[in-house]
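Below: the structure, in structure tokens.
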Amino acid sequence: MTGTTREKIYENEHDAVNDFIERKQAMGRSRRTLNAYSRTLKSFFHEEFPDLAPEDVEVRHIEDYVGKLAARDLSQNTKRRYLESLSSFYGWTMKRTRFENITGNPAAVVLEEIPQKYRERPDCATWESAKKIVHNIADPRNKAIAVILAKTGCRIREALEIEQDDLMLDDGFIRLRERKGGSQTVVPVDEEVKHAIKRYRLVRPDNDSEYLFLSIQGNRVQTTQVQRAVRDAAVRAGVMEEGETRFHRKFTPHTFRTVFTTLMRQEEMSDHILQYIRGDANNRTMDVYTRVSRDEARQEYLECIKSLGLSVSRR
């Protein structure tokens, strides 16, 4: 089984695993999620426990696996992500009668004993820092990306996956098609975002790529390019020191998400609208009952969002 050009979905020696991944793919799970599932399950069954069938795995095997992960000095949250993939597989198979030999979820038992660690908010994650960084990015492409990150709270991957057809600037919206969990969200934007995108499009490479943000070679921009641009701008702006590695002192593209969330909470944006704009995957169940109108989201967004101090043409 092969995924898209950017990510490989591994063929597994166990039919139950392949069935699980194929079904998740059919249900619209993102390439990133499918890749995480297949990579973890291949590692577990092919490399760590090649003699075990899925129905033979016990809690002690999962505990041994966690011990091997710990020996690699992986973070607690990284270990949780591996176990979440295993737990998702077992949880899925237990609900299908054709896998009658799988009667328990050993990964879930161990997962409960590994609490998730939440990082504290970085000291530099402020709206003023975001403004300084945006103003210190000269390249129109990288500036437009930074403005989108700061003003929508989206993830860097989501911004770089924006396609030309996703722009609904006349109506004041952008579609984010690669959100966590495989969903799509149409999020509101303000005049600064629209101006930054229009300014970039004047110098965008002229080719047939569907992606909005392109490299000089005409390919989709890579995450590392944006990370470098934000880091250099943060240093020039005096927001962080050159070579800074401490989390609470470092400003990255993902820090814009923290900045946006903090600002919206300070401005008392409704929780369900903030969750909708952020694209929080863990609130899907709640959203079934709390539908968000695009116009409602846009109205409250414009009431809460602040200016980055950019010069905006009124033509």
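Quick notes
- A count restricted to segment 261-275 and to residues that are open to solvent by less than 60 Å² (accessible area, probe 1.4 Å) and out of contact with any helix residue (DSSP H, G or I) (no Cβ under 6 Å at 6 or more places or on another chain) stands at 4.
- Of all the listed residues (241, 268), the sole one being in a loop (DSSP other than H, G, I, E, B), modelled with pLDDT under 90, of a type in the set (Asp, Glu) and more than 22 Å from the chain's Cα centre (by Cα) is 241.
- Just one residue in the set 119, 179 is at pLDDT below 95, over 20 Å from residue 237 (Cα atoms) and open to solvent by less than 20 Å² (accessible area, probe 1.4 Å); that residue is 179.
- When residue 102 is tested against (1) buried (at least 18 other Cβ atoms within 10 Å of the Cβ); (2) in contact with a Lys or Arg (Cβ under 8 Å, 6 or more places away or on another chain), just one condition goes unmet, and that condition is (2).
- Sub-6 Å Cβ pairs linking a first residue in segment 33-49 that is farther than 13 Å from residue 61 by Cβ to a second residue that is open to solvent by 30 Å² or more (accessible area, probe 1.4 Å), at least 6 apart or interchain, are 34/25; 35/7; 38/10; 40/82; 42/10, ordered by first then second residue.
- Residues satisfying the stated conditions in segment 9-23, i.e. touching a residue at least 40 places away in the same chain (Cβ under 8 Å) and either under 26 Å from the mean Cα position of the chain (by Cα) or farther than 14 Å from residue 90 by Cα (or both): 17, 20, 23
- Matching residues, segment 132-158, being assigned to a helix (DSSP H, G or I) and free of Cβ contacts under 8 Å to residues at least 60 places away in the same chain: 143, 148
- Where a residue in segment 189-208 is acidic (Asp, Glu) and its partner, wherever it lies, is not in a helix (DSSP H, G or I), with Cβ under 8 Å and at least six apart: 190/172; 190/305; 191/312; 192/307; 192/308; 192/310; 192/312
- Output for segment 176-224, where each listed residue is outside any helix (DSSP H, G or I) and among the polar types (S, T, N, Q): 183, 184, 185, 207, 209, 215, 217, 219, 222
- Consider segment 227-251 and keep the residues that are out of contact with any Ser or Thr (no Cβ under 9 Å at 6 or more places or on another chain) and within 15 Å of residue 146 (Cβ to Cβ). The one that is most open to solvent (accessible area, probe 1.4 Å) is 236.
- Within segment 221-233, being small (Gly, Ala, Ser) and under 22 Å from the mean Cα position of the chain (by Cα) holds for one residue alone: 229.
- Test: residue in segment 134-152 that is in the same structural domain as residue 227 (by the TED database) and among the acidic types (Asp, Glu): yes
The values are calculated or read from the model by the stated rules, or taken from the named source; none is laboratory data. Only a predicted model underlies this, so the values are computations on that prediction, with no experimental measurement involved. For neighbour counting, all protein chains shown are included, and Cβ atoms are generated from backbone atoms with ideal geometry for every residue, glycine included. In case anyone asks, the SASA skips ligands and DNA or RNA and just uses the protein heavy atoms, side chains included. Shrake-Rupley method; radii C 1.70, N 1.55, O 1.52, S 1.80 Å.
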